[in-house]
1. Scan segment 51-64 for residues that are surrounded by fewer than 13 Cβ atoms within 10 Å (Cβ to Cβ) and without any contact (Cβ under 8 Å) to a residue 40 or more places away in the chain and jot them down.
2. Do you know which residues across segment 358-413 are within 16 Å of the chain's Cα centre (by Cα) and modelled with pLDDT of 90 or more?
3. Just checking, does segment 168-180 include any residue being of a type in the set (Gly, Ala, Ser), in a helix (DSSP H, G or I) and touching a residue at least 60 places away in the same chain (Cβ under 8 Å)?
4. For segment 259-279, name all the residues that are surrounded by fewer than 20 Cβ atoms within 10 Å (Cβ to Cβ), of a type outside the set (Lys, Arg) and assigned to a helix (DSSP H, G or I).
5. Is there a residue being under 19 Å from the mean Cα position of the chain (by Cα), over 30 Å from residue 109 (Cα atoms) and not acidic (Asp, Glu) anywhere in segment 427-445?
6. Please pick out the residue among 210, 150 that is closer than 20 Å to residue 471 by Cβ and at pLDDT 90 or above.
7. In the list 320, 315, 310, which residue meets the criterion of being more than 18 Å from residue 142 (Cα to Cα), without any contact (Cβ under 8 Å) to a residue 60 or more places away in the chain and in contact with a Leu (Cβ under 9 Å, 6 or more places away or on another chain)?
8. Please go through segment 390-410 and give me each residue that is free of Cβ contacts under 8 Å to residues at least 24 places away in the same chain and surrounded by 15 or more Cβ atoms within 10 Å (Cβ to Cβ), ordered by number.
Amino acid sequence: MATKSKKKLSFPTAYTVLFIVLILAAVLTHVVPAGSYSKLLYDGEIDKFTVTHPDGSTEKFEGTQETLDKLGVKVNISKFKDGSIYKPVAIPDTYEKLESKPQGVVDVLQAPIKGVYETIDIIMFVFIIGGIIGILNNSGAFDAGFASLSRITKGKEFLLIIIVTFLIALGGTTFGLAEETIALYPILVPVFMVAGYDAIVCIAALYMGSSVGTMFSTVNPFSSVIASNAAGISFTNGIIFRGIGLLIATTITIIYIVKYAEKVKKDPSKSVIYDQKNYLEKKFLNQDKEIPEFTLRRKLMLLIFALSFGVMIWGVSSQGWWFMEMTSLFLAVGLIICFISGMGEKKAVKHFVAGAADLMGVALTVGIARSVNLIMDKGLISDTILNSATDLVQGINGGVFAILMLFVFLVLGFFIPSSSGLAVLSMPIMAPLADTVGLPRDVIVSAYQYGQGLMAFITPTGLILVTLSMVDVTYDRWLKFIMPLMGMIGGFAAIMLLAQAFL
């Protein structure tokens, strides 16, 4: 007699995880009291500050240092006038409770749609990259290039991990390289797999390189600079500690990844995604295909694509580029590659559209992740959480204060994953607390970076689920891989914070 086989339980997809978080955020708006700080925004065209009060009313003030001093915002006026601080800044001691705005079923259903609207710049970037990858895949350029690279690195594959992790960390610490790495996963995952590693190794090298780099930012304008400006200090304050931390944390990360990678290379069954081995090899390596010749045409296509990343880094780091400019760059590159491929217009368009379609799931993940923040903002609970955190850390011992601030920003990093958003919201409130316990304000800036950076390793509201969607790896596998490293980096960050506070 035939028996029914039990259905094997599996971890839910990124979409389900995010919807669960979205629902929990909506539930919090029913539990956490609503409230808001007054916000200050500078308008350079009229040289005035606009203060928006919790009740929605606004006031205009002269764009002077006297205005800032009067409002208790201990920041030099030049930081507003030169554009260093361009987002609304929370004004200390202005928190007010407001009428609760609980988010219901309709709000939860509308939030992902609004999230897609608000992240359309990132989504278009993803689609254009997907289109280019579709062309490169179907032209045989990737297959030929990967085969050539595997021959070059044979016997010293671990260098891939070291080089990629170090370079991405360098981008993270200097200009906040994060979202831009999305384009690299479909390209580098096959390279790492050909080298004998699993997809997790590539994810770790790219994602953790970016995360550690931004966590220990030195001159990153989107975290170190804007947070220091909002705290009323120079971004060079504490830069030596963060620089030392960057070198040591990157080294710890590389050693951890290399040890795991070599273990998997010797015994593939040790991989945390071993059961996906055949599926991922079929998806990324195209093993059923004959490896094409690495012709001049294919080399030229890959060279142009690689050079476009150099142009992107130059634009972001020195020309003020963001997603509009980056997407335009890759659209131009896509058109050039289509022409060079020799496919013809109809075939090129077909593969471009198919490549973009392959990343539709990634695009939706970006939008849903944003929806969580929209629900909390609409429910007016983000400022309440920040205000509760300030009450928690007031009047305690300096060393305990520093460590507690790390955990405070760890929690805030979940609710406010934007580095610049969290900086301008929290720094004017948190930085003065350091004065009360006799610590320099740069300790608060470092605590903010370490806490939010550490949370970025795992937070579903950040980039990790988008990253995992690119490679079809579930969240639970990532947690299994990353939690030991997260503990190591977290402990190290706490030590560095204490050293900065008392040395």
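1. Of everything in segment 51-64, those that are surrounded by fewer than 13 Cβ atoms within 10 Å (Cβ to Cβ) and without any contact (Cβ under 8 Å) to a residue 40 or more places away in the chain turn out to be 56, 57, 58, 59, 60, 62.
2. 409, 410
3. Yes; the residues of segment 168-180 include at least one that is of a type in the set (Gly, Ala, Ser), in a helix (DSSP H, G or I) and touching a residue at least 60 places away in the same chain (Cβ under 8 Å).
4. 262, 268, 269, 274, 275, 276, 278, 279
5. There is at least one residue in segment 427-445 that is under 19 Å from the mean Cα position of the chain (by Cα), over 30 Å from residue 109 (Cα atoms) and not acidic (Asp, Glu).
6. 210
7. None of the other options fit; the residue is 315.
8. Hit for segment 390-410 is 404, nothing else.
The values are calculated or read from the model by the stated rules, or taken from the named source; none is laboratory data. This is a predicted model, so every value here is computed, not measured. Cβ atoms come from the backbone with ideal geometry, glycine included; neighbour counts cover every protein chain shown.
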